[in-house]
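**Student:** Structure in structure tokens, see below.
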Amino acid sequence: MTKQEDKLASEQVQPQEGDALESWLAYVSSVHWKNWDLGLDRMHEMVQRMNLASPAPLVITVAGTNGKGSTCIAMEAGLSAGGLTVACTLSPHIVRFNERFRINGVEASDAEIVAALEVVEHARADLSLSYFEFSTLAFLWFAQSKGVDAVILEIGLGGRLDAFNAVDADIAVITSIDFDHEQYLGDTLNKIGAEKAGILRAGQHAVFGPDLPESVFLRANELHLNPVQYGHDFAVSKVGECTLEFSFGPELNPHVIRAWGNGNIAPQNISVAAAALQGVEQACARFHLSDETLAAMCNAYIRGRFDLVEALDRCWILDVAHNEQGAQFLLQRVQEQGLEIKAVMCGMLVDKHHHDFIKLLSSAIDGPWVFLDTLGERGHPGAELLASAPSGVQGCVVSDMQQGVAEVLSCTDAQDVILCAGSFNLIEQFHNHVLS
């Protein structure tokens with residue numbers, strides 16, 4: 001340990017038996033000197049100590065910039081409908097930490113998560129672990145202890161050095177890539193793509209979504225992979241009212257599967273998930289990609305992704321989009337739904353492309369903007385968001401979510417549509433102050 005780490009460790013008080021999950025999470029957040037400490041040496045050591053190299057017979061890893069969580073939840077729904085028991089983890093969570101520990105769509109109890117954290121604490125001895133390493137190991141142990149058929153691991157940051165990449169996956173999915181976390185991943189899409197492609201392994205069933213840079217394909221070639229690609233091997237061929245049509249195969253027309261689509265996951269992400277489950281079908285004789293499994297995927301729900309919520313006599317679109325690609329995707333879905341946004345609440349983290357995000361949305365939305373502070377170590381003041389907004393954006397700054405909601409209610413009418421977007425933290429604030 002360094003002197004800084006040693007001093008930090010000496011100041012921590014380990015929770016006692018029976019302590020609440022909140023106490024454990026506070027402890028886990030404080031035992032390491034850095035919240036994000038990229039590198040896999042500590043993870044490889046702990047995976048070996050805890051015998052977690054194969055947490056389930058089937059391991060699926062999902063990386064990318066946008067669409068990861070939606071793709072994970074769609075796969076979870078399809079595998080569950082197909083008769084498999086699947087553990088799924090999401091990163092980050094929105095309302096409760098328990099969102100990171102799911103089995104067949106059901107979140108783990110506080111007691112189950114505390115039990116997993118206790119096992120990690122015992123196993124680590126004097127090895128310092130970051131918050132993400134600690135929670136990753138806890139989830140892997142939790143999934144293994146439940147004897148699940150499959151685990152779905154959402155990569156939180158990058159890929160090559162993310163904690164979950166200490167486990168070799170059978171199926172690797174890269175959803176899409178845009179600028180994000182550049183201070184860690186690089187300042188070009190090819191650099192970011194190379195980091196995301198770090199999840200790839202020789203012999204995997206690899207699935208590639210749209211908008212991937214050349215570096216991802218170069219890495220696939222180095223590993224002699226033949227990835228299944230969106231727009232080449234599979235696609236959404238038609239979107240209609242409550243109907244989605246998926247095409248699979250090199251010609252994109254060998255067969256078409258129709259399924260109801262009453263959930264909130266975008267058809268594109270469902271198709272990426274379905275292509276991944278084709279790999280499951282090849283690896284697991286018990287699972288079949290059928291109309292039933294597709295229908296389950298089309299009816300799956302995830303918080304904060306084009307999430308339409310009725311509250312306070314308004315329709316709210318809650319969306320965690322926080323970059324240009326995400327904004328474009330959001331506007332596409334708004335257009336497909338025939339919605340007209342009357343006002344926007346926006347809050348973003350400090351390391352995002354604020355001007356470009358706001359510029360793209362404001363070019364399609366003619367209405368007032370309300371800017372809020374985001375919270376935490378990466379929080380960003382709403383006043384600076386307004387200052388970075390393009391000229392012509394009608395906006396104001398409020399002190400908190402309660403004032404922000406009051407402001408947008410004052411400038412809209414009953415049944416109007418309000419967009420709340422820009423970060424996971426903003427959506428968390430909305431849930432805590434409006435929906436709780």
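The values are calculated or read from the model by the stated rules, or taken from the named source; none is laboratory data. Keep in mind the model is a prediction, meaning the values are calculated, not measured. Using ideal geometry, Cβ is built from the backbone for each residue, glycine included, and neighbour counts are taken over all protein chains shown. Side chains are part of the model used for accessible areas, which takes the heavy atoms of the whole protein and leaves out ligands, DNA and RNA. Shrake-Rupley method; radii C 1.70, N 1.55, O 1.52, S 1.80 Å.
**Student:** Of all residues in segment 48-64, count the ones that are in a loop (DSSP other than H, G, I, E, B), open to solvent by 10 Å² or more (accessible area, probe 1.4 Å) and of a type outside the set (A, V, I, L, M, F, W, C).
**Tutor:** 3
**Student:** Residue 180 - would you say it is open to solvent by 10 Å² or more (accessible area, probe 1.4 Å), of a type in the set (D, E, K, R), in contact (Cβ under 8 Å) with a residue 12 or more places away in the chain and touching a strand residue (DSSP E or B) at 6+ places or on another chain (Cβ under 9 Å)?
**Tutor:** So residue 180 fails the test.
**Student:** Can you tell me which residue within segment 14-36, out of those that are at pLDDT below 65 and within 23 Å of the chain's Cα centre (by Cα), is nearest to residue 161 (Cα to Cα)?
**Tutor:** 36
**Student:** Just wondering, is there one or more residues in segment 127-134 that are open to solvent by less than 10 Å² (accessible area, probe 1.4 Å) and among the polar types (S, T, N, Q)?
**Tutor:** Taking every residue of segment 127-134 in turn, at least one turns out to be open to solvent by less than 10 Å² (accessible area, probe 1.4 Å) and among the polar types (S, T, N, Q).
**Student:** Mind checking whether some residue in segment 23-33 is in contact with a Ser or Thr (Cβ under 6 Å, 6 or more places away or on another chain) and in contact (Cβ under 8 Å) with a residue 40 or more places away in the chain?
**Tutor:** yes
**Student:** If we keep just the residues of segment 270-283 that are out of contact with any Asp or Glu (no Cβ under 7 Å at 6 or more places or on another chain) and open to solvent by 10 Å² or more (accessible area, probe 1.4 Å), which is farthest from residue 429 (Cα to Cα)?
**Tutor:** Taking the candidates together, the pick is 282.
**Student:** Taking the stated definitions as given, is residue 309 modelled with pLDDT of 90 or more and crowded, with 20+ Cβ neighbours inside 10 Å?
**Tutor:** no
**Student:** Does segment 235-247 include one or more residues that are surrounded by 19 or more Cβ atoms within 10 Å (Cβ to Cβ) and farther than 21 Å from residue 178 by Cβ?
**Tutor:** yes
**Student:** Now for a separate question. Got a number for residues in segment 284-305 being crowded, with 22+ Cβ neighbours inside 10 Å and either within 21 Å of the chain's Cα centre (by Cα) or in a strand (DSSP E or B) (or both)?
**Tutor:** So the answer is 8.
**Student:** Within the set of pairs 6+ apart or on separate chains, which have a first residue in segment 128-139 that is within 18 Å of residue 22 (Cβ to Cβ), a second that is of a type in the set (Val, Ile, Thr) and in a helix (DSSP H, G or I), and C-beta atoms under 6 Å apart?
**Tutor:** Listed pairs, sorted by first residue: 131/28; 134/28; 134/120; 138/120.
**Student:** Return the only residue of 11, 76, 112, 5 being open to solvent by 20 Å² or more (accessible area, probe 1.4 Å), out of contact with any helix residue (DSSP H, G or I) (no Cβ under 6 Å at 6 or more places or on another chain) and at pLDDT 95 or above.
**Tutor:** 112
**Student:** Considering segment 83-99 alone, what residues qualify as being modelled with pLDDT of 95 or more and open to solvent by 20 Å² or more (accessible area, probe 1.4 Å)?
**Tutor:** 83, 85
**Student:** Please state which of the following conditions residue 325 fails to meet, knowing it meets all the rest: (1) at pLDDT 95 or above; (2) closer than 22 Å to residue 211 by Cα.
**Tutor:** It is condition (1) that residue 325 fails.
**Student:** Against the condition open to solvent by 20 Å² or more (accessible area, probe 1.4 Å), within 23 Å of residue 275 (Cβ to Cβ), in contact with a strand residue (DSSP E or B) (Cβ under 7 Å, 6 or more places away or on another chain) and not in a loop (DSSP other than H, G, I, E, B), how does residue 196 come out, does it pass?
**Tutor:** No: the conditions fail for residue 196.
**Student:** So which residues in segment 342-361 are more than 24 Å from residue 377 (Cα to Cα) and surrounded by fewer than 20 Cβ atoms within 10 Å (Cβ to Cβ)?
**Tutor:** 359, the sole residue that qualifies.
**Student:** On to the next question. Based on what the data block shows, is residue 220 among the small types (Gly, Ala, Ser) and either open to solvent by less than 70 Å² (accessible area, probe 1.4 Å) or in contact with a helix residue (DSSP H, G or I) (Cβ under 7 Å, 6 or more places away or on another chain) (or both)?
**Tutor:** yes
**Student:** I've got another one for you. Please enumerate the residues belonging to segment 137-151 that are open to solvent by 10 Å² or more (accessible area, probe 1.4 Å) and within 14 Å of residue 61 (Cα to Cα).
**Tutor:** none
**Student:** Taking residue 170 as the residue in question, decide whether it is modelled with pLDDT of 95 or more, acidic (Asp, Glu) and open to solvent by 10 Å² or more (accessible area, probe 1.4 Å).
**Tutor:** Yes, satisfied.
**Student:** Let me ask something additional. Looking for whichever is within 27 Å of residue 306 (Cα to Cα) and in contact with a helix residue (DSSP H, G or I) (Cβ under 6 Å, 6 or more places away or on another chain) here; the options are 82, 186. Which one fits?
**Tutor:** None of the others qualify; the one that does is 82.
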